1. Quick check on A598: is it among the aliphatic types (A, V, I, L, M) and surrounded by fewer than 23 Cβ atoms within 10 Å (Cβ to Cβ)?
2. Take the conditions farther than 25 Å from G183 by Cβ, open to solvent by 40 Å² or more (accessible area, probe 1.4 Å) and in a helix (DSSP H, G or I) and apply them to A354. Does it pass?
3. Where the second residue is among the charged types (D, E, K, R) and not in a strand (DSSP E or B) and the first is under 16 Å from D12 (Cβ atoms) and touching a residue at least 60 places away in the same chain (Cβ under 8 Å) and lies in the range 114-137, which pairs have Cβ atoms under 6 Å and are six or more apart or on separate chains?
4. If you take the residues in the range 181-196 that are open to solvent by less than 10 Å² (accessible area, probe 1.4 Å) and not β-branched (V, I, T), which one is nearest to S305 (Cα to Cα)?
5. In this structure, is I390 open to solvent by 20 Å² or more (accessible area, probe 1.4 Å), closer than 20 Å to E147 by Cα and among the hydrophobic types (A, V, I, L, M, F, W, C)?
6. Given the structure, is N216 at pLDDT 95 or above, in contact with a strand residue (DSSP E or B) (Cβ under 8 Å, 6 or more places away or on another chain) and at positive phi?
7. Name the residue, out of V179, V211, V222, that is closer than 30 Å to M563 by Cβ, modelled with pLDDT of 95 or more and either out of contact with any strand residue (DSSP E or B) (no Cβ under 7 Å at 6 or more places or on another chain) or not in a loop (DSSP other than H, G, I, E, B) (or both).
8. How about the range 646-662: which of its residues are open to solvent by 40 Å² or more (accessible area, probe 1.4 Å) and either over 20 Å from G448 (Cα atoms) or among the polar types (S, T, N, Q) (or both)?
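The values are calculated or read from the model by the stated rules, or taken from the named source; none is laboratory data. Remember, it's a predicted structure, so these values are computed and weren't measured experimentally. Quick reminder, even Gly has a Cβ in these numbers, built from the backbone with ideal geometry, and neighbours come from all protein chains shown. Quick note on the areas: whole protein, heavy atoms, side chains included, nothing else; ligands and nucleic acids left out. Shrake-Rupley method; radii C 1.70, N 1.55, O 1.52, S 1.80 Å.
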Amino acid sequence: MKGHAGKILDIDLTNREISTIDTSEYEEWVGGHGMGTAIFYDRVEDKTIDAFDPDNVITMMTSPLAGTGVPAASARTEIQGISPQPYPTEWFNRSNFGGRFASMLKYAGYDGVIIQGAADEPVWVNVVDDQFEIRDASDLWGLGTWEAQAEIWSEVGQRGWNQVDETRDSGRTTQKPAVACIGPAGEAEIRMATVQHDAGNGAGNAGFGGVLGSKNFKAISVLGTGSIEIADPAELLEARLWAQREYSYDHDEDIPQVRDFYSFSRSPGEGDLGGVVETKARPQGCVGCHNTCRKRTSSSHGNESSCVEAVYYSGFDSAKHGETTAETAKAADIVQQMGFNAYTLNAGLPWLEALHEQGVLGEDGEIEADLPWDSLGEASFVEELVQKIIDREGIGEALAEGNARAAEEWGRLEQDLESGLLTLFAWGYPQHYDARTEVEWGYATILGARDVNEHDFNWHVYWQPHISILTGEEPPVSAEELANIIEESTPPHNVIPDYSDGAIYSEVAAERNSWHRHYSRFYKQSALFCDWAFADFTSPYTDDKSGITPEGEERFLNAVTGMDITFEEGMEIGRRIWNLERSIWTLQGRHRDDEEFAAYNYEEPAPGPYYLPAKVDGEWEYIDTGGRKLDRGKVEEFKTLYYQEEGWDTETGRPTRETLEELNLGHVADELEGEGKLPG
């Protein structure tokens, strides 16, 4: 397959050896999540080991599109392994980051990295083209992520300017190495530690930084000077021009005010969602991306931070200072440098504040805690709290295990989940979007192993109409137009985006979630199209208001790889990946009874307003779904419909032999049967 570099680095930390395997061994999985899942399945004999077991294998996989110039698909790296963050079970899990790492790894000649075993002392790995070695990291251990990368940059250096009389693959480059590393949070093996790259690219929401810390693995640096062979370079360039001409942001066009809530057509530099208040800044993006969703600022505060890490502290900052200040960006910098997942603080800080105001948490409370509450709103508060967690000092000892496990230790888990004081909606993960309203987000989370964090429908069904209605404007696309566009753009399921009370538990919802799981597992996490650009259902630039999905994904993938597959055939690969992953969870003990929401989703009404499309009395309209509670019995009915849709056993939620053999996974069915976990 074109687009692949041809080899995968295979790092054995226990024996301090590095070798390679041929990418072709796993080519049927294309890249990213598919390859990582298959490698994990083959390498980890006992899938029930815990996340910090040295036999846990971590994969860092790119895709055929990485480093090729495909817009919003040239820079993602998918990380997988058993994750310490989910509660109560440490499921096989995933995370993902952008930046330069994936393309540089490809230019060095590798499609991914396998990390297994554990070193007896801190190490880092240096890769320069076909040269690789394991180095002593004692001088890097204890450094923040930014300092550690700077030390490696100075040690590895650059390779000089590419002279005009030399070939493109001459071994020279103007680029500095791309480094993925852990910070003090990972070294301390806390459950929400991230893997960081450059200033603001982080693989959070799985805790793989802590797993690498347990392996004494500080960093991997890659510097590549090669290139990637493309199946049809002319078609790739033509596809880029087509995408730019038809769908990309145009500064001169009068586009709707919700311009920041499109996917492929997003305006540049707005991914920080207002958390970076500095006016002297320029857009910054990953390799090959046209969206350039982040910022670089003149002061450096908040550089490259986006979305939640850029805004998780803005509410406290505004309460303290009357407006968002530079303290919000400084708080983002703290978590980036410590290698700490901001999402844990996004739910944890309001919870801790509420417990403090109730007198439960404090110097004289049931939960003893010495925190500087007078400075809440200053970045120094975050710095002190995060340091206590990393040092496992005082309240930090419990919080280092994550909010759910801390609440359990304090005897508050059940009551705080029931009341909604602690908004961990499933698997101990902080609520991202509300499962009571935007139900496919919640369903995908309980059917997976983490906050799903996939915005495919979110921008189009929620943000665009919601912001428009709240500001007194007409949504850029009517509910009926949106329903028609999404139905036509989502083969083979042809999804109906109906969020009415009855439809959210129906076959319509089951089909929507099945499409979403298969699409994400292949196009988003294996081919590695960026979540903030794909799926792209609506565009302000086209006459019929439709986006680049599904034509774009198919066109770019075939131009690079020469696969010549249809969009629907890609979806079928996604279904195969989803079933292999489901089988791993089954081997870990997953049962349908495990897949449920936290109690507040059934007991407390969702805050509103929350506008979504729905078909009411035969007519499409945007309705306010705020105030809705989920019905526990009907959620169980949805699960049964969904398992039927996937061809799984409805009593256990586990894949059947018939389904696995249909997907050429008969050997997986054999293992499930051998472990007594194949439905009878």
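1. Values: among the aliphatic types (A, V, I, L, M): yes; surrounded by fewer than 23 Cβ atoms within 10 Å (Cβ to Cβ): no.
No, not satisfied.
2. On the way: farther than 25 Å from G183 by Cβ: yes; open to solvent by 40 Å² or more (accessible area, probe 1.4 Å): no; in a helix (DSSP H, G or I): yes.
So A354 does not fit the description; no.
3. From the range 114-137, the pairs are A118/K215; I134/R16.
4. The first filter runs over the range 181-196 and keeps only residues open to solvent by less than 10 Å² (accessible area, probe 1.4 Å), leaving 181-183, 185-186, 190, 192-196.
Among the residues that remain, those that are also not β-branched (V, I, T) are: 181, 183, 185-186, 192-193, 196.
Working: C181: 17, G183: 16, A185: 18, G186: 19, M192: 18, A193: 16, Q196: 12 Å.
Applying the filter and picking the extreme gives Q196.
5. Numbers: open to solvent by 20 Å² or more (accessible area, probe 1.4 Å): no; closer than 20 Å to E147 by Cα: yes; among the hydrophobic types (A, V, I, L, M, F, W, C): yes.
In short, no.
6. Values: at pLDDT 95 or above: yes; in contact with a strand residue (DSSP E or B) (Cβ under 8 Å, 6 or more places away or on another chain): yes; at positive phi: yes.
Here the answer is yes, as N216 does meet what is asked.
7. Numbers: V179 fails: closer than 30 Å to M563 by Cβ; V211 fails: closer than 30 Å to M563 by Cβ.
The unique qualifying residue is V222.
8. Matches in the range 646-662: T650, R657, E658, E661, E662.
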